[in-house]
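Taking it in order: structure first as structure tokens, then the write-up.
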Amino acid sequence: MSGSCIPLKRECLSRQLIHLFENYHNACCIRDSEARFVYINPEMGKLLDLSPSFIIEGKLLTEVPHWLNVFDNEFKQYDKSVMDSGVSVTLLVTSVFGRDNDIKPYIFNIAPFFDDDGNIVGTLSEAKHCLFFSTLQFINGKFPGRLTNHLPDNNFTDRELEIIFFSYHGLSSKEIAVRLGLSHRTVENRLCSLYQRADVHSIHQFKEFCKDLDLDHYVPMAYMQPNIIQIDGHDNA
């Protein structure tokens, strides 16, 4: 930063810092001590699906035309916690992001933002798409995938997708029946029909079939609900 500037404004930020964020691959934003936006980089603009002409500086999240604004109180709470404690927090934020109107999980890391004198004058947030990484993937050296609730050109009903989801992740037909409020026999019949359509004869073959259709990282809409969960950081947030 180029000298202390209170209240924090975009002109307080160094050209070097802005150059760094303008070319950064993750979405970033800086907010002041009152939770007003000071700066967002182009990737954050895309994440919030903002028009290039929209001026965000000086605005609160409630003044931003994006679904994320329903979490204004939560973000203010976490911003205050970070500024009071000087400890970063990491959040799992599930919301509508981007231009395809799909609910997606993103990891938000909120860190304190300091002036040249070492005073905390705001927060710096970085957001990146949440990657799903199972223990088995790690052991097998596979790259993690991105969770999604959007499957273009699929031929399954919503109920079938729920059964596929739970079956793929290891639940028995009895356990799936309890989860979905169906009879055990109904679930078994649905699974039998799905196996026939997939032309498979075992759960291993069925999982390979699911992977080919990108169903391995699919989460049904009913279970991908908008929320914020703290996964690391200050306990008082």
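Observations
- Residue that is surrounded by 21 or more Cβ atoms within 10 Å (Cβ to Cβ) and over 21 Å from the mean Cα position of the chain (by Cα), where the choices are F21, F97, F75, F113: F113
- Region 35-67, subset out of contact with any Leu (no Cβ under 8 Å at 6 or more places or on another chain) and hydroxyl-bearing (S, T, Y), residue surrounded by the fewest Cβ atoms within 10 Å (Cβ to Cβ): S53
- Where P7 falls short, out of the listed (1) over 27 Å from I228 (Cα atoms); (2) outside any loop (DSSP other than H, G, I, E, B); (3) in contact (Cβ under 8 Å) with a residue 12 or more places away in the chain: (2)
- Pairs linking a residue in region 37-50 that is in contact (Cβ under 8 Å) with a residue 12 or more places away in the chain and within 15 Å of S95 (Cα to Cα) to a residue that is in a strand (DSSP E or B) and aliphatic (A, V, I, L, M), with Cβ atoms under 6 Å and 6 or more positions apart or on different chains, are M44/A27; L47/A27.
- Region 24-34, residues that are of a type in the set (D, E, K, R) and surrounded by 14 or more Cβ atoms within 10 Å (Cβ to Cβ): R31, D32
- Selection within region 35-56 - among the acidic types (D, E) and modelled with pLDDT of 95 or more: E43
- Test: residue in region 209-229 that is acidic (D, E), modelled with pLDDT of 85 or more and farther than 30 Å from E74 by Cβ: yes
- Looking across region 179-234, the residues that are within 30 Å of A111 (Cβ to Cβ) and in a loop (DSSP other than H, G, I, E, B) come down to H217, V219, M224, Q225, P226, G233, H234.
The values are calculated or read from the model by the stated rules, or taken from the named source; none is laboratory data. Nothing here was measured: the structure is a model prediction, and the numbers come from that model. Cβ: placed from backbone, ideal geometry, glycine included. Neighbour counts: every protein chain shown.
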